[in-house]
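Laboratory data are not the source of any read-out in this text; all were calculated from the coordinates shown. In this text the structure is predicted, and so the values were computed from the model without any measurement. Here the Cβ positions follow ideal geometry from the backbone for every residue, glycine too, while neighbour counts run over all protein chains shown.
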There are 2 protein chains.
Amino acid sequence: MHSLRFTLETSSHGVVECDFTLGEVTGVLWSPTSGSEHAPLVLMGHGGGLHKKTPELLARARHYVTTHGFTVAAIDAPGHGDRPRTVEDEQVRADLKQAMAAGETQRVESITVRYGTALAQRAVPEWQATLDALQQLPEIGTEAPIGYGGGITLGTGIGIPLTAIEPRITAAIFGGGFVVHEALIEAARRITVPVQFLLPWDDEHVDRQSALALFDAFSSKEKTLHANPGDHRNIRWYGLDNGFLARHLGRVDTSPA
Amino acid sequence: MHSLRFTLETSSHGVVECDFTLGEVTGVLWSPTSGSEHAPLVLMGHGGGLHKKTPELLARARHYVTTHGFTVAAIDAPGHGDRPRTVEDEQVRADLKQAMAAGETQRVESITVRYGTALAQRAVPEWQATLDALQQLPEIGTEAPIGYGGGITLGTGIGIPLTAIEPRITAAIFGGGFVVHEALIEAARRITVPVQFLLPWDDEHVDRQSALALFDAFSSKEKTLHANPGDHRNIRWYGLDNGFLARHLGRVDTSPA
């Protein structure tokens, strides 16, 4: 078992950012400058081709830390961000780029499903090992409630199988923008924790019906579908239930004692 | 033109309730005990077979008045609540009851569409006349922003054609639970104001796809679909954007001066 190695710590505007490695996994942990003892821990996924510190992900992580007092963790998916790419990773990216340029929708879809499924198979145990390691930290421990903070696209493709087999995750945010395949539907059926599902209503890359079928598949007694116009690159979310994770994980009182 | 006649005024817990008639239309106006001058006006629809003062409608009206300082108006649909039923109204109710008891889904649907469309045709001009009359009241006037506060089922069947032709309505809440017909889709296409659309995910009376097609039809740049598990009689809404109307109509400062 690899152990967590913190490589860099910075702090700004009330948020401490700690980069870490766990074996070959590169990750980052954000926490409040004070009072993060056993605070809820939110796991954030990033989109396909992106990484753990995109501006959008950073903004949401900061919001969770400063508004709710959460601790937030993100890791790079295999072949993404600060992690080396294998020959296969490079090949898939090249194939995908070519298929997209040629407008070969079917081929884009088949590559995405195959590669996305392979990435999820590698990423799920990495998230579990990361969770194990984070729970060794005294400020997190095993008492901190854990939620999956989502991200649509790849973040959902990894988050759904992770949440399906990981009982430590007790609430999750998923979304559309990922090609839905049968294994994903199967994993969704095994999920019973509260789910918030974000659907870009006009995603040209993903069939709307299959995203609706994915929402339908969750066995959760409490699940909310939230759709706004836009595709997964150009969407402005509004009217969103921003208190979802705080309601299910608990809110940390960040007011000065 | 008929004029508004107030018939009864009661007041409790910060809300004044005034029953009124406008010709044969029976209605009710709720307003804050103080500070309602030109406050946003919210029009509320009720469900099929119900009336303007169901417990659910009352609760939402009270919430709008006490939380946002809105004025709220509701009228009984033709043949509903305090209004006399025509021979046709009685006949339709009997037919519908019989078709439901016999489990004749197709017949229930065809009666609902036919009767619902006829009700909407009568109710839309009634709402417009009610609006004209309410705007004559000095405390409302023509400055008060106007929203449609919805209600699913019949409240949507009437609210969509109303909002489509009524430029005074600048934001609207609609929902599923009403059989979607082509005229309703056409009316939805003419709507451009912000829309919040509430969908009971498991409604056994209404095809989910047709409700999704209705949401899809709104031309509004800003529209939100919100779905929770349950049918239209047994649904618990959560994670809902309760600030939707306040954001679009403006919020009244109800704090003491």
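Observations on the model:
- Computed E for A:T67/B:F6 - FRET, C-beta separation, R0 45 angstrom, nearest 0.05: 0.45
- Theoretical ellipticity at 222 nm over the protein assembly as shown - DSSP helices of four or more residues, -39500 (n - 2.57) apiece, nearest 500: -11500 deg cm²/dmol
- Sequentially through the stretch B:176-187, phi angles give Karplus couplings (6.51, -1.76, 1.60; θ = phi - 60°) of x, x, 10, 5, 7, 10, 4, 5, 5, 4, 4, 5 Hz, Gly and Pro residues having no value and appearing as x.
- Sorting the segments B:128-140, A:139-151 by their mean number of nearby beta carbons within 10 angstrom, highest to lowest, gives A:139-151, B:128-140.
- Positive-pole candidate from A:V28, B:A102, A:L199, dipole of the protein assembly as shown, charges at beta carbon: A:V28
- Remark on B:M44: its backbone amide H falls under 5 Å from those of B:A73, B:A74, B:I75, B:G149, a criterion applied only to residues 5 or more positions apart or on other chains, H modelled at 1.01 Å from N.
- Ranking A:N228, A:A217, A:T153 by how far each Cα lies toward the positive end of the dipole of the stretch A:101-257 (charges on Cβ) leaves A:A217 at the top.
- Shielding by partners for peptide B:225-232, expressed as the average number of C-beta atoms from other protein chains within 10 Å of each residue's C-beta, is 5.
- Exam field: B:P125 pseudo-label spacings to other copies (7 Å along Cα-Cβ), nanometres: 7.3
- Inter-copy label distances at A:D207 (7 Å, Cα→Cβ; nm, one decimal): 1.8
- Seen from A:P194, the other residues with C-beta closer than 14 Å to its C-beta sum to a net charge of +2, counting Lys and Arg as +1 and Asp and Glu as -1.
- Using θ = phi - 60° and Karplus 6.51 cos²θ - 1.76 cosθ + 1.60, couplings along the stretch A:226-241 (whole Hz; Gly, Pro as x): 10, 10, 10, x, x, 9, 6, 9, 10, 10, 10, 7, 8, x, 7, 7
- 5 angstrom amide H check on B:A171, placed H, neighbours 5+ away: B:Y148
- Residue-by-residue Karplus 3J(HN,Hα) for the stretch B:77-92, coefficients 6.51, -1.76, 1.60, Hz, glycine and proline x: 5, x, x, 10, x, 7, 9, x, 9, 7, 4, 5, 4, 4, 4, 4
- Residue mean of other protein chain beta carbons inside 10 Å, B:213-223: 2
- Solvent-free Debye calculation, one equal scatterer per alpha-carbon of the protein assembly as shown: log10 I(q)/I(0) at 0.09, 0.10, 0.11 Å⁻¹ equals -0.73, -0.86, -0.98.
- Here chain A was treated as a single set of alpha-carbon atoms; its pair distances binned every 5 Å from 0 give 1, 6, 14, 18, 20, 18, 12, 7, 3, 1, 0, 0 percent.
- Given charges at beta-carbon only (K, R positive; D, E negative), |dipole| of chain A in Debye: 260 debye
- Inter-copy separations for B:T67, label at 7 Å along Cα-Cβ, nm, ascending: 1.7
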